[in-house]
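Single-structure report; data block below.
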Amino acid sequence: MSDRQKNGWNEYSKLVINELERLNDGITNLNKEIQSLKKEIVELQGKEETIKELKSWKQSVDEVASPTQLKELSNSVSELKTFKTQSVTIFLIVQGLVGIALALLKFFN
């Protein structure tokens, strides 16, 4: 082999080695990115499980009572408390009137 062929091969081999090193660095960077993406996927799967649990819990709560039903129930309880107060008051007034009427009957007899 002549010197010219050896120099050409040396330059070409250096070029090939540099290109292989560049490709190796690119593959290393891609592997790092893939690992990062895998971590993010695992985190997202964990969040997805949490969301599924919350959705299931919400459905269970909604089966018991919806917010509208709870508001209606609160209004009904409030109306019943008012009715109870009014009925007890009326009962006491009627009891008092009956007591006074009996006392007057006894007094006049």
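I need a count of the residues in region 53-83 that are more than 16 Å from the chain's Cα centre (by Cα) and not aliphatic (A, V, I, L, M). Qualifying residue count, region 53-83: 15. All conditions in (1) of a type in the set (Gly, Ala, Ser); (2) surrounded by 10 or more Cβ atoms within 10 Å (Cβ to Cβ); (3) within 47 Å of the chain's Cα centre (by Cα) hold for SER13, with the sole exception of (3).
Computed from the coordinates by the stated procedures, all read-outs in this text should not be read as laboratory data. None of these values were measured; they are calculated from a predicted model. Heads up, the Cβs are rebuilt from the backbone with ideal geometry, glycines too, and the neighbour counts pull from every protein chain shown.
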